[in-house]
Each structure stands twice: as C-alpha cells, then as structure tokens.
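Input: a single structure, listed below in structure tokens.
Read-outs: derived from the displayed coordinates by stated rules, not from any lab. Note that the structure is a prediction, hence the values are computed from the model and not measured. Quick reminder, even Gly has a Cβ in these numbers, built from the backbone with ideal geometry, and neighbours come from all protein chains shown.
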Amino acid sequence: MDKAGSQTYIDVLEQITRYAKIEALERSIETLKLGLKDLIEETPNIPTNKT
C-alpha cells in the first residue's frame with residue numbers, strides 16, 4: 001500500500017469500508033431471514049379467504 005494520504009491508500013480504505021458494510025448488511029439480512037422463519041413456524045395456520 002502507498003503512503004497515507006495518497007490516492008491509492010484512500011482507494012484501499014474505501015474498498016475496505018465498502019467490504020465491511022456489505023458484510024454487515026449480509027449478516028443483517030441473514031438475521032432477518034432467520035427471524036422471519038421463526039415467526040412463520042410459531043404462527044398458527046390462519047385460514048385465508050382465497051377462492
């Protein structure tokens with residue numbers, strides 16, 4: 001990596017930051033999916049009015 005403050009250094013830091021944000025979003029999505037699955041499993045079957 002280049003010296004602090006160089007464009008290459010800044011680009012690398014931006015890439016690391018983007019990667020960290022993507023990882024956090026992926027973990028959040030997985031947590032939400034698991035929560036939804038749990039809710040669906042705990043919810044009794046509710047009849048619908050579909051014909």
Distance (nanometres) between label positions extended 7 Å along Cα→Cβ at ILE16 and LEU34: 2.8
Label-point separation, ALA24 to GLU42 (7 Å along Cα→Cβ), nm: 2.7
Viscosity 1.306 mPa s, temperature 10 °C, Stokes-Einstein D of the chain from Kirkwood C-alpha radius, µm²/s: 108
Angle in degrees between helix 7-42 and the longest Cα principal axis of the chain, rounded to the nearest 10: 10
